[in-house]
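The structure appears right after this line, and notes come after that.
Bear in mind that the values in this text are calculations on the coordinates, not laboratory data. Quick caveat, the model's predicted, so the values are computed rather than measured. Ideal geometry is used to build each Cβ from the backbone, glycine not excepted, and the neighbour counts take in all protein chains shown.
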Amino acid sequence: MHKATISQLKNNLSAYLKRVRSGESILVCDRDEPIARLDRVTGAQSLDARINRLARQGLLRPARRPLSLETLRGPAPKPGRSVVEALIEERLSNAAAREGFRIVRD
């Protein structure tokens, strides 16, 4: 991997892009601190490849089961409540449903 400062990259951009096209990676540094990496784009990634890459980076967690459309069509949270309150209510109702109960709120 080749290192380049911002000023070197700016002054010789065409040459560095030619190196990247040939498959070389360029590490861009600002005062000896790496701030970016230039790599060749190898074509559009498939959706599965992007999902796998994001999961490896810890930015995405794949679903454990499919999400039903009924869940999305359910009632929206009541206005004025916090997201945390809505989440707690949803979790309580799901737990109660697993036990065969139904929670009724006023």
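Points to keep in mind about this one:
- Positive-pole candidate from Tyr16, Ser68, Asn94, dipole of the chain, charges at beta carbon: Tyr16
- Only Lys, Arg (+1) and Asp, Glu (-1) charged, at Cβ; the chain dipole about Cα centre in debye: 320 debye
- Sequence-distant residues sharing a close amide H with Leu60 (under 5 Å, placed H): Ala55
- Helical runs assigned H by DSSP (4 residues or longer) give the chain a calculated mean residue ellipticity at 222 nm of -12500 deg cm²/dmol, each run adding -39500 (n - 2.57) before division by the residue total.
- Beta bridges per DSSP with both ends in the chain, % antiparallel, nearest 5: 55 percent
- For Leu38, neighbours were defined as the other residues whose beta-carbon sits under 15 Å from its Cβ, and their charges (Lys and Arg +1, Asp and Glu -1) total +4.
- Per-selection metrics, the chain (Cα): Rg and Dmax in Å: 24.7, 69
- The residues packed around Cys29, meaning those with a beta-carbon under 11 Å from its beta-carbon, carry a net charge of 0 if Lys and Arg are +1 and Asp and Glu are -1.
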